[in-house]
Amino acid sequence: MQCRRVGKAAPVTVFDGDWITLQSVRGCQQVFSSSLIAYVEARYGDDATRNRLCQPVPHPNTDLDWLTTTLAEQTNQISWFEDPDLMDWMCAARLDLMRHMYAR
């Protein structure tokens, strides 16, 4: 599998055949996002599921950008809550800033 990195570019699909485009899937949490993308890539067999769990979250540059960032981040979080195996991983992931807030 090959990887691409995205700087200040429009979000694109994370999983695209043999390509993974690393980008935030939680606002301003690039290291956690990369670890989650790696976990999803290893555990789920199809790009449709992978992309559903890893929707890009745009970086905010203005006050109004926080609305778009929050909406995208919360959409991902809802998908994660619906996946018990992913939530087990997230509860144990030291890079997940929110892990202590999840109910088991």
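Out of everything in the stretch 1-26 that is among the charged types (D, E, K, R) and open to solvent by 80 Å² or more (accessible area, probe 1.4 Å), what residue ends up being modelled with the lowest pLDDT?
Ranking the qualifying residues of the stretch 1-26, first place goes to R5.
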> Restricting to the stretch 71-104, what's the tally of residues that are closer than 13 Å to R26 by Cβ, touching a residue at least 24 places away in the same chain (Cβ under 8 Å) and not in a helix (DSSP H, G or I)?
Replying inline: 4
>> If I filter the stretch 63-70 for residues that are in a loop (DSSP other than H, G, I, E, B), at pLDDT below 95 and either among the β-branched types (V, I, T) or over 14 Å from Q29 (Cβ atoms) (or both), do I get at least one hit?
In response: yes
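Going through the stretch 51-68 one residue at a time, which ones are among the hydrophobic types (A, V, I, L, M, F, W, C) and either under 10 Å from the mean Cα position of the chain (by Cα) or under 17 Å from Y39 (Cβ atoms) (or both)?
We begin by selecting, within the stretch 51-68, every residue among the hydrophobic types (A, V, I, L, M, F, W, C); these are 53-54, 57, 64, 66-67.
Those that are among the hydrophobic types (A, V, I, L, M, F, W, C) and either under 10 Å from the mean Cα position of the chain (by Cα) or under 17 Å from Y39 (Cβ atoms) (or both): L53, C54, V57.
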> Taking the stretch 27-54 as the region of interest, how many residues are open to solvent by 60 Å² or more (accessible area, probe 1.4 Å), farther than 21 Å from D88 by Cβ and not in a helix (DSSP H, G or I)?
Replying inline: 1
> Could you count how many residues in the stretch 69-104 are open to solvent by less than 60 Å² (accessible area, probe 1.4 Å), among the hydrophobic types (A, V, I, L, M, F, W, C) and farther than 18 Å from Y39 by Cα?
Replying inline: 1
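The values are calculated or read from the model by the stated rules, or taken from the named source; none is laboratory data. On a predicted model such as this, the values are computed, not experimentally measured, just so you know. As a convention, Cβ positions derive from the backbone with ideal geometry for all residues, glycine included, and neighbour counts pool all protein chains shown. Please note that ligands, DNA and RNA were not included when accessible areas were found on the heavy atoms of the full protein model with its side chains. Shrake-Rupley method; radii C 1.70, N 1.55, O 1.52, S 1.80 Å.
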